[in-house]
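Structure, as structure tokens:
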Amino acid sequence: MSTAYQQLTATFLRLSRFGHLSAIAGWDMQTMMPPAGSRVRGEALAELSVLQHEILTDKRTAALLDEAEQASLNDVERANLLEMRRAWQQAALLPASLVEAKSIAGSRCEHAWRQQRPANDWQGFAANLKEVVKLSREEAAMRADANGGSRYDALLDLFEPGMNSAQLDQTFGDLKTWLPDLLQRVQEKQAQQPIDFPLGPFAVEGQRQLGLAVMKQLGFDFNAGRLDVSAHPFCGGVPEDVRITTRYSENEFLSALMGVIHETGHARYEQNLPKQWPGQPVALARSTAIHESQSLFMEMQLGRSAPFLQLILPQIKAQLGDQPALDADNYIRLTQRVKSSLIRVDADEVSYPAHVILRYEIERALIEGEIEVDDIPAMWDEKMMAYLNLDTRGNYRDGCMQDIHWTDGAFGYFPTYTLGAMYAAQLFQAVKRALPQLDSLIQSGDLQPIFDWLQQNIWQHGSRFSTQQLMVNATGEPLNPHWFRQHLETRYLGA
């Protein structure tokens with residue numbers, strides 16, 4: 001093995017250890033940290049970001065990358081070297097001062113957002129967001145100037161390598177031709193079906209125990225992770241110590257439960273990434289959309305399927321009590337209910353893509369300089385009415401302030417949610433072909449064959465293959481949105 005390559009693996013192992021500390025400190029910031037710690041924690045995280053940036057962009061790293069290119073490496077090492085170079089190129093484009101400033105601005109914006117959102121304080125939030133957008137535009141300009149393409153595409157590539165806005169416009173454009181009609185037809189059909197809503201309150205501790213039981217059912221390794229509470233559900237930490245969160249309401253339990261199932265999908269992916277390449281980029285998740293495909297595989301494809309809902313119903317009754325609304329048929333109708341709503345994270349899978357397309361169109365215009373932060377509310381109101389027929393005027397809390405992504409400059413992230421839903425539908429279709437008895441396996445609680453398939457086809461490969469090659473290997477074809485449409489029509493219209 002090349003000495004240059006060995007030196008690079010040592011460097012990236014060191015970077016991963018700093019990344020570990022940053023991930024856990026970030027988790028603590030959103031779950032446990034007292035408010036007074038915000039400023040100094042933000043500064044500490046920024047310092048870590050700068051340190052990682054300096055290590056990665058050291059002039060010796062570029063020379064080692066060039067030297068390793070000439071070495072005799074196996075396929076995995078060659079894939080790892082490709083990911084190393086990509087990480088180096090991304091970092092080398094930015095000065096350390098911008099990395100630090102962006103980290104501090106993001107921490108400040110996110111922390112203030114926690115109080116500003118409940119207070120519906122758009123003006124206060126906008127003041128912080130303007131600095132985040134300014135720095136994100138600077139980053140986008142530097143990346144676009146170096147690599148070509150649009151400024152937004154330069155940020156999108158950080159989350160979804162190989163994807164660009166032209167492809168998104170085509171994929172989302174097609175989606176917009178059939179989704180509104182499907183949404184209307186499903187809502188009209190469901191309006192004819194009676195539905196009873198469970199009556200609360202539902203004790204938080206009972207909901208927590210229910211979530212833990214379902215996590216166990218889904219194979220979550222509690223020796224390598226935990227469940228906590230945060231303002232916005234997320235999955236963080238590192239593969240050996242995965243931290244997932246949800247949020248509870250005593251008025252209803254499905255949001256917290258489905259949030260747990262969603263984040264458990266992320267966690268299972270992380271916990272099963274290849275461990276034989278410790279600290280190496282090739283051992284990381286392939287892309288944000290593939291990551292999202294794993295959470296939506298668990299939440300939407302598996303978690304909201306009738307067999308799985310029947311499987312966990314006894315646990316729901318055991319923790320939260322029985323009542324007429326938890327009759328099996330009513331409970332399934334309730335869980336598969338489609339209704340346009342203001343909140344993205346609580347949206348059903350039919351209306352969800354509209355939330356994503358709305359955000360994608362706004363954030364792209366924002367990064368490209370076509371609109372400014374002050375224009376966001378009006379654009380949001382217009383698109384919510386056009387896509388979901390909902391009025392959000394003056395309701396910033398449940399409108400353009402509801403998400404956490406823009407607070408830290410994660411522009412380019414939102415499209416990966418719907419790409420992930422499409423990948424998930426395609427993967428689940430492949431599982432059905434591999435396991436003809438799938439429904440009976442799920443209803444009996446034997447989920448291991450599903451996990452084995454995911455391990456074989458997705459989890460164990462990390463970033464060894466491109467997203468397209470990974471999907472071809474697993475399903476026989478690259479991304480094909482047909483499977484997503486078929487899934488929605490079959491589940492909700494019986495097509």
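The values are calculated or read from the model by the stated rules, or taken from the named source; none is laboratory data. In this text the structure is predicted, and so the values were computed from the model without any measurement. Positions of Cβ are backbone-derived with ideal geometry, glycine not excepted, and every protein chain shown enters the neighbour counts.
Data table
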| item | result |
| --- | --- |
| Members of the range 108-122 found to be in contact with a helix residue (DSSP H, G or I) (Cβ under 9 Å, 6 or more places away or on another chain) and either more than 20 Å from residue 369 (Cβ to Cβ) or basic (Lys, Arg) (or both), listed by number | 108, 110, 111, 112, 113, 114, 115, 116, 117, 121, 122 |
| Among (1) under 25 Å from residue 171 (Cβ atoms); (2) in a helix (DSSP H, G or I); (3) in contact (Cβ under 8 Å) with a residue 12 or more places away in the chain; (4) not hydrophobic (A, V, I, L, M, F, W, C) - the single one residue 463 does not satisfy | (2) |
| Residue 286 being under 26 Å from residue 468 (Cα atoms), of a type outside the set (S, T, N, Q) and not assigned by TED's automatic domain parsing to the domain that holds residue 18 | yes |
| Selected residue [in contact with a strand residue (DSSP E or B) (Cβ under 9 Å, 6 or more places away or on another chain), in the same structural domain as residue 136 (by TED's automatic domain parsing) and assigned to a helix (DSSP H, G or I)] from 55, 104, 24 | 24 |
| Out of 49, 72, sole residue that is of a type in the set (Ser, Thr, Tyr) and either within 22 Å of residue 464 (Cβ to Cβ) or exposed (fewer than 15 other Cβ atoms within 10 Å of the Cβ) (or both) | 72 |
| Residue list for the range 1-13, restricted to those being in a helix (DSSP H, G or I) and either surrounded by 14 or more Cβ atoms within 10 Å (Cβ to Cβ) or touching a Phe, Trp or Tyr at 6+ places or on another chain (Cβ under 9 Å) (or both) | 4, 5, 7, 8, 9, 11, 12 |
| Selected residue [buried (at least 16 other Cβ atoms within 10 Å of the Cβ), touching a residue at least 40 places away in the same chain (Cβ under 8 Å) and among the basic types (Lys, Arg)] from 41, 17 | 41 |
| Residue satisfying condition, being surrounded by fewer than 21 Cβ atoms within 10 Å (Cβ to Cβ) and outside any loop (DSSP other than H, G, I, E, B), within set 243, 226, 268 | 226 |
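Yes or no, residue by residue, for (1) part of a loop (DSSP other than H, G, I, E, B); (2) within 22 Å of the chain's Cα centre (by Cα):
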{"site": "364", "(1), (2)": "no, yes"}
{"site": "380", "(1), (2)": "no, yes"}
{"site": "386", "(1), (2)": "no, no"}
{"site": "393", "(1), (2)": "yes, no"}
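Listed here are the residues, each with its yes/no results for (1) within 30 Å of residue 86 (Cβ to Cβ); (2) basic (Lys, Arg); (3) assigned by TED's automatic domain parsing to the domain that holds residue 275.
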residue: 433; (1), (2), (3): no, yes, yes
residue: 441; (1), (2), (3): no, no, yes
residue: 445; (1), (2), (3): no, no, yes
residue: 451; (1), (2), (3): yes, no, yes
residue: 457; (1), (2), (3): yes, no, yes
residue: 462; (1), (2), (3): yes, no, yes
residue: 467; (1), (2), (3): yes, no, yes
residue: 480; (1), (2), (3): yes, no, yes
residue: 488; (1), (2), (3): no, no, yes
